[in-house]
């Protein structure tokens, strides 16, 4: 499955601030919508979360962090369609 330019894989995630992770209306070549999920855990405590995904008014998705050193996992997914495999991309960060 191919995604044409809408998935934004950042080189790094800022300690505090926002970073674009998915452009608006991103679809695969099979016409399936791409969704992104994030898991952010502290290096010391794995049971608390320290980030959130925000959907902007334009439809793009932004990851917001709050100034903590984190382990971050971003996952982009789209379901399978007739004759096309599912799309999945996983990227790990530490900041």
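Give me the pairs: first residue in segment 20-48 and closer than 28 Å to residue 83 by Cβ, second residue at pLDDT below 90 and loosely packed, with under 12 Cβ neighbours inside 10 Å, beta-carbon distance under 6 Å, and six or more apart or on different chains, which are they?
Qualifying pairs under 6 Å: 29/2.
Filter segment 71-95 down to residues that are assigned to a strand (DSSP E or B) and exposed (fewer than 13 other Cβ atoms within 10 Å of the Cβ) and give me whichever is nearest to the chain's Cα centre (by Cα). I'd like the intermediate steps shown before the answer.
Residues of segment 71-95 that are assigned to a strand (DSSP E or B), as a first pass: 71-78, 81, 84, 87-94.
Adding the requirement that they be exposed (fewer than 13 other Cβ atoms within 10 Å of the Cβ) leaves 88, 90, 92, 94.
Working: 88: 11, 90: 8, 92: 10, 94: 14 Å.
By that ranking, first place goes to 90.
The values are calculated or read from the model by the stated rules, or taken from the named source; none is laboratory data. No experiment lies behind these values; they were computed from the predicted model shown. Neighbour counts run over all protein chains shown; Cβ positions are idealised from the backbone, glycine included.
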